1. Restricting attention to the stretch A:410-431, which residues are open to solvent by 30 Å² or more (accessible area, probe 1.4 Å) and more than 28 Å from the chain's Cα centre (by Cα)?
2. Checking A:ALA148 against (1) modelled with pLDDT under 50; (2) open to solvent by 50 Å² or more (accessible area, probe 1.4 Å); (3) not hydroxyl-bearing (Ser, Thr, Tyr), only one condition comes out false. Which one?
3. Specify which of the listed residues (A:ARG589, A:ARG642, A:ARG616) is open to solvent by less than 60 Å² (accessible area, probe 1.4 Å), touching a residue at least 24 places away in the same chain (Cβ under 8 Å) and either within 10 Å of another protein chain (Cβ to nearest Cβ) or basic (Lys, Arg) (or both).
4. One residue is enough: does the stretch A:516-526 have a residue meeting the conditions assigned to a loop (DSSP other than H, G, I, E, B), open to solvent by less than 60 Å² (accessible area, probe 1.4 Å) and more than 30 Å from A:CYS420 (Cα to Cα)?
5. Look at the stretch A:432-456 and say how many of its residues are touching a strand residue (DSSP E or B) at 6+ places or on another chain (Cβ under 9 Å), open to solvent by less than 20 Å² (accessible area, probe 1.4 Å), farther than 15 Å from A:ARG526 by Cα and not in a loop (DSSP other than H, G, I, E, B).
6. Run A:ASN635 past the list (1) within 14 Å of chain B (Cβ to nearest Cβ); (2) modelled with pLDDT of 85 or more and report the number of the one that doesn't hold.
7. Among all residue pairs at least 6 apart or on different chains, which show Cβ distances below 8 Å where the first residue, located in the stretch A:179-207, is under 19 Å from A:ALA163 (Cβ atoms) and the second is of a type outside the set (Val, Ile, Thr) and part of a helix (DSSP H, G or I)?
8. For A:GLU323, are the conditions met, namely being more than 28 Å from A:LEU30 (Cβ to Cβ), within 14 Å of another protein chain (Cβ to nearest Cβ) and in a helix (DSSP H, G or I)?
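The values are calculated or read from the model by the stated rules, or taken from the named source; none is laboratory data. Since the model is a prediction, treat every value here as computed from it, not as a measurement. All Cβ positions, even for glycine, are placed from backbone atoms using ideal geometry, and neighbour counts span all protein chains on display. Just the protein is used for accessible areas: all its heavy atoms, side chains included, with ligands, DNA and RNA removed. Shrake-Rupley method; radii C 1.70, N 1.55, O 1.52, S 1.80 Å.
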Amino acid sequence: MQIDLTPFRRAFLDESAEHVAALEEGLLRLESQPEDSELLSSIFRAAHSVKGGAGSFGFEDVARFTHSVENLLDRMRNGLVRVERSLVDLLLRANDVLKCLLEAARAKEYGQPAAAACDTRAIVAELQQRLGAPDGHAASAAPAAAGATASPKSTSLWRIEFAPHADFFRTGSDPLLLLRELAGLGRVASIEADLHAVPSWDAFEPEDCYLAWRIELESSATLAELNDVFLFSSDDARVQIQPGEAARADAPDTAVSTASVDAAPAVAHGAAQTPSGTQRRSGAESASIRVSVEKVDQLINVIGELVIAQSMVADVVNNFSPERVGQLREAVLAVERNTRDLQERVMAVRMVPIGSIFSRFPRIVRDLAAQLGKEVRLELEGEETELDKGVVEKISDPLTHLIRNSLDHGVEPPDERERCGKPREGVVRLRALTEGGSVFVEIADDGAGLNTERIRAKALEKGLMRPDDNWSQEQIHQLIFQPAFSTAAKVSDVSGRGVGMDVVKKNVESLGGAVAIHSTRGQGARFRIKLPLTLAILDGLSLSVGGQIFILPLVSIVESFRPRATALKTLLSGGEVALVRGQALPLLRAHRLLGIENAQTDPTKALLAIVESDGRRVALLVDELCGQSQVVIKNLDANFRRVEGVMGATIMGDGRVALILDVPGLIRLSEGTSSTLALA
Amino acid sequence: MNTTKQADAADVRQYLTFRLAQEEYGVSILRVQEIKGYSAVTPIPNAPPHVRGVMNLRGAVMPVLDLRLRFGLPQAETTKFTVIVVVNVANKIVGLVVDAVNDVLDCDAHSIEPCPSLGAGVDTSFLTGMAKQGERLVALLDLERVFGVEPALAA
């Protein structure tokens, strides 16, 4: 029977893109943590997965190339080649070539014209050179190639330490099976159980595993084969396999190999950081989307309800009598509600974490900093913030440009920084957060800041403003978004041509967003991109005040409890405070701020939710908390207008609208600094 | 809801008419999206009284305004005739709570008279005119004006 491999090949190509991304991320981390053997193993695993898949699916050139990369990685893993910057450089370049090869394979697979040919030869030659010798292991494709150097025919002595974790049994594993499998590989010279961990009877948990074993095995098996025995229990046990004395002489380069066993969780971690394949460049961009299981489960739930609702309708229609009109109406309403729910959940599938594009920036910053001769550290924050896939894809270019801009114009050269009394290493922070119904993406650097005078002079020269214009700093700063506006003294490769900033602004505005600049001369600049949240999903806690349901963003809640009367104080000014662990927090009465009657006004019979915004904590008085849920945020201003203290609305399971509270807005309301409410 | 122009004849306009207290009002039928039975709305904090709140219209969050309160009439109990007329104003969808919907009124342009002064009870600036058919008198609403006073909705 002929099996069509096309879907598998395509899945491989998608997966490989993720592996390549994981590789890149791993390599960048490796630079700062060269001693991290676990990290190295995860890098190795990623390369190995690509190689294995490529071989199976007939991408010969990819397999061959990855093999030479893998060889070098293996040497590094075994400590034979030292990790250093130039080596990481080489591997990053090799990764680029790999990306190019995969791109070409993808183009071929989908029948698109191939991109530029990828030159593998130069890189392969360099890789070979690093290996220090002609590729001796080329023929060996086993995962732990170096471990296999012991002559496969001769038997050798292996020392194996096997210590399952306490919860080993709960994963359905059985040490006995593993020991039997080991015994099947050779002759057990000695086995010794370690009973140290066994507790006294009263502390004994019958379902915990307290035992560990030391085994000496005479076997002709290779290290890889031995590792394979523990492959599926690697997460739940500590395994150490060492060649005994006799074998060590034959295999001088076989080091302790705990690496491949530890690698599994590390790889999973790497993959989690690049959760979607959006890193591929345009063209192949929308090929697939990675969705969390939770979202799919929710979809399945809704579909289940829809099927039930549909059968209700069918039942009423099949046995129809005029009295059942009410039932029919109800059933149809249920269908309607479920359909709407389904629609929203499907939309939610399109929401991807912004981290999928953040993860490309460490590489960009690293290369660019080197090119500019600057020392820059990139800090990422809020990668888990979810945005519509379309928005995430479109925001990538503006972000790239702003980061390049920060590196080129913002952060000063190390010597100059030292003269200004700053650390030599500049910091660029990339941060995403959800606040007040919008998603904000910030690019902040601790560099020189914008030179307001120079921008002003340039604007005068270009006739963009008149000398007598009395503009605020912010207004002047906004001028840098004008087309062909550059104050850079010299044009560099990176930026300074005055194209780009206007594109940044145009792209952001086409998404319905805005860019704000905060800059302090000598201390740095911060670009804040505000993006609309029309589709964003929020983890919320539903609470009730006077019988009305509101949603509070989960991120802003610190804790909640029912206060004692002694913890409440009224100040002379009339303000109220709640003492929380010795700290006096302003008490905000939600019912008063929101103008709700029939609410519980006695704090000792209600609940205090301690909420936080911009580092400020306040105690919000609410009647009760109802539960946690994920909600789809709908804008109020689409058909109405912004309401202070409310960041949006959501539609709940029963079809009613619930308002989502905005903590900063509530605080503003309580301070009476609210700007709205100018109503007819 | 039939929103097609049935008569191309010169200047025959159609209005959906509804009742508020004892008065009959009309809005151009081209502005009406649908008519819904009254269902519970979610109040909006610190909103003026005539803004009853928001409700879910097939996934969109729609504000619901009480026309009685908008026009300074006393609030009425919700009855089974109380409906929400969903209209389009300035590209926004707004629900209007009215006492009851009557019918669709066809009238010629020349049967519409400019608005006479109605005294203090009803602010006539909301009206484009009065449609007269025999004894029947329908006040025609200018929706932009009705909401024009609302800063955000006019934007």
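1. A:PRO413, A:ASP415, A:GLU416, A:GLU418, A:ARG419, A:CYS420, A:GLY421, A:LYS422, A:PRO423, A:ARG424, listed by residue number.
2. Among (1) modelled with pLDDT under 50; (2) open to solvent by 50 Å² or more (accessible area, probe 1.4 Å); (3) not hydroxyl-bearing (Ser, Thr, Tyr), A:ALA148 violates only (2).
3. On inspection, the qualifying residue turns out to be A:ARG589.
4. no
5. 2
6. If we test A:ASN635 against (1) within 14 Å of chain B (Cβ to nearest Cβ); (2) modelled with pLDDT of 85 or more, just (2) comes out false.
7. A:LEU182/A:LEU226; A:VAL188/A:LEU182; A:ILE191/A:LEU179; A:GLU207/A:PHE169; A:GLU207/A:ARG170
8. no
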